[in-house]
Amino acid sequence: MKELNSLLSEKGQTHILQGFDDLTMEEKARFISEIENIDWETVALWKQPEDLSGKGKIEPISGLSLAEIERRREEFFALGAEAIKGGKVACVLLAGGQGTRLGSDAPKGMYDIGLTHPLYIFEMQIRNLLAVCEACGATVPLFIMTSDKNDAATKAFFEAHSCFGYPKEFIRFFRQDMAPSVDFGGKLLLEDRGKLALSPNGNGGWYSSLKRAGADNDFPAIEWYNVYGVDNVLQKSADPVFIGATIASGMNSGAKVVRKTEPHEKVGVLCLEDRRPSVIEYYELTEEMACERGEDGNLAYSFGVILNYLLSAKKLEEIARERIPVHVVKKKIPHLAEDGSFVRPDRENGYKFETLILDMIRLMGSCLPFEVVREREFAPIKNKEGVDSVESARKLLEKNGVTL
Ligand code: UTP
């Protein structure tokens with residue numbers, strides 16, 4: 001206890017011990033283990049975040065256009081379907097996020113987007129994947145990443161809905177790691193007495209968490225992981241054409257991309273940074289780069305990423321020890337106030353520490369941008385209203401013939 005005290009006092013964090021003496025032995029032990037797991041180097045980043053702006057030489061990347069994909073569709077499909085049949089492809093559904101912008105406490109995948117009948121986000125994801133399994137005559141292993149916050153609720157939901165018809169023996173859940181959060185002055189936030197306000201540490205930790213959990217142990221043939229976000233209800237996962245095209249390209253990864261609608265659209269774009277693939281944020285593009293056009297008249301930096309990547313298992317293994325940069329993100333963090341009351345802030349009040357899957361793309365060494373039709377494959381649900389909301393996603397689903 002003495003050591004703990006001096007560690008926290010050295011870090012300027014003794015406030016978290018408030019009320020410690022009133023905890024039960026069990027609560028004390030759990031809290032001490034939470035404190036022992038704190039990565040202080042990461043926490044210190046609140047004051048001096050890593051410089052994450054691209055430092056290398058940025059150039060446009062060439063990718064597969066819709067026309068080219070259409071021309072080679074059969075060839076790509078055959079290659080992708082063969083890989084699926086051989087058990088070489090697995091899906092990783094990223095569902096560990098908290099969906100703070102949507103403002104619901106339940107896992108985002110449990111959100112009901114139906115109008116005349118229930119239609120859950122998870123259900124749409126499974127439905128899309130089942131269609132591929134049917135077309136290829138094989139079942140794709142599905143790994144679902146949850147977090148401490150939503151693991152139990154997510155599993156219970158799948159159980160209650162009989163996994164929406166997906167063969168249970170092909171589904172594995174695994175939990176991602178958690179990270180502490182701090183207020184704007186760098187003070188650790190508590191969720192309760194003797195409990196740090198921990199939150200999922202971003203989607204960049206999916207591979208290490210999956211491996212640590214041994215989620216893939218029963219599927220030794222996996223050569224490719226198709227990793228995607230839960231909140232795009234038009235997500236085409238394990239798309240054989242995309243898989244076949246990436247395999248045919250000989251690259252270590254592929255990314256589904258949509259063409260930007262205008263130079264300043266707020267979307268991360270795929271490019272080359274020092275000749276390696278990289279995703280840069282819209283605000284990192286100079287005005288000149290944002291408006292630059294290629295010989296074909298299209299924007300030179302026009303491949304917007306939609307969080308659907310295909311990654312080689314072999315390359316992932318190789319880069320497993322490389323460090324992924326940590327992003328310090330402003331968020332609304334519910335916490336215990338000094339007076340002991342529980343606060344649910346309505347505006348950002350602190351920082352969370354996250355690693356992002358898009359930073360893995362650089363480490364993969366090569367990446368094939370694979371263009372898809374936005375209206376058919378991209379209907380993200382991020383916000384309650386307006387852009388990328390339930391309403392906009394419903395419109396897109398209806399356009400695609402889904403009965404709501
Ligand atoms: P977002 O960046 O939209 O984050 O996640 P979020 O937590 O879902 O939502 P906000 O920002 O709090 O509103 C993109 C995808 O990555 C997953 C999400 O579940 C979503 O599929 N994700 C995000 C994780 O799996 N773990 C994380 O720690 C963060």
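For the reader, a short list of remarks on this structure follows.
- Rounded if a/c under 1.5, otherwise prolate or oblate - the chain, Cα gyration tensor axes: prolate
- Rounded to 10°, Cα long-axis angle of helix 151-160 versus longest principal axis of the chain: 50 degrees
- Residues of type aspartates and glutamates that residue 85 reaches as a straight line, Cα spacing below 15 Å, ignoring anything fewer than 8 places off in the same chain: 134, 223, 239
- Accessible area (Å², 1.4 Å probe, nearest 10) - residue 291: 50 Å²
- When each of the peptides 331-338, 201-208 is scored by how many other beta carbons lie within 10 Å of its residues on average, the order from highest to lowest is 201-208, 331-338.
- Computed [θ] at 222 nm, helices only, for the chain once each DSSP H run of length n ≥ 4 contributes -39500 (n - 2.57): -8000 deg cm²/dmol
- Relative to the dominant Cα principal axis of the chain, helix 25-36 is inclined by about 60°.
- Here the chain has 48 percent of its accessible surface on carbon and sulfur atoms, given a 1.4 Å probe and all protein chains in place.
- Per residue, in Å², the accessible surface of the chain once ligands and nucleic acids are set aside, probe 1.4 Å: 48 Å²
- Test item: Cα-centred dipole of the chain, Lys/Arg +1 and Asp/Glu -1 on Cβ, debye: 440 debye
- Degrees separating the helix 121-136 axis from the principal Cα axis of the chain, which is the longest one: 40 degrees
- Dipole in debye (nearest 20) - region 15-83, about Cα centre, beta carbon charges: Lys, Arg +1; Asp, Glu -1: 420 debye
- Dipole of region 242-305, positive end: most advanced residue of 245, 263, 278 [Cβ charges, Cα centre]: 245
- For the residue pairs 211/330; 211/315; 256/395; 149/331; 149/384, the alpha carbons lie more than 18 Å apart in 211/330; 256/395; 149/384.
The values are calculated or read from the model by the stated rules, or taken from the named source; none is laboratory data. Since this is a predicted model, take the numbers as computed values, not measurements. Because the Cβ atoms are built from the backbone with ideal geometry, glycine has one as well, and the counts that use them run over all protein chains shown. We work out accessible area using only protein heavy atoms, side chains counted, and drop any ligands, DNA or RNA first. Shrake-Rupley method; radii C 1.70, N 1.55, O 1.52, S 1.80 Å.
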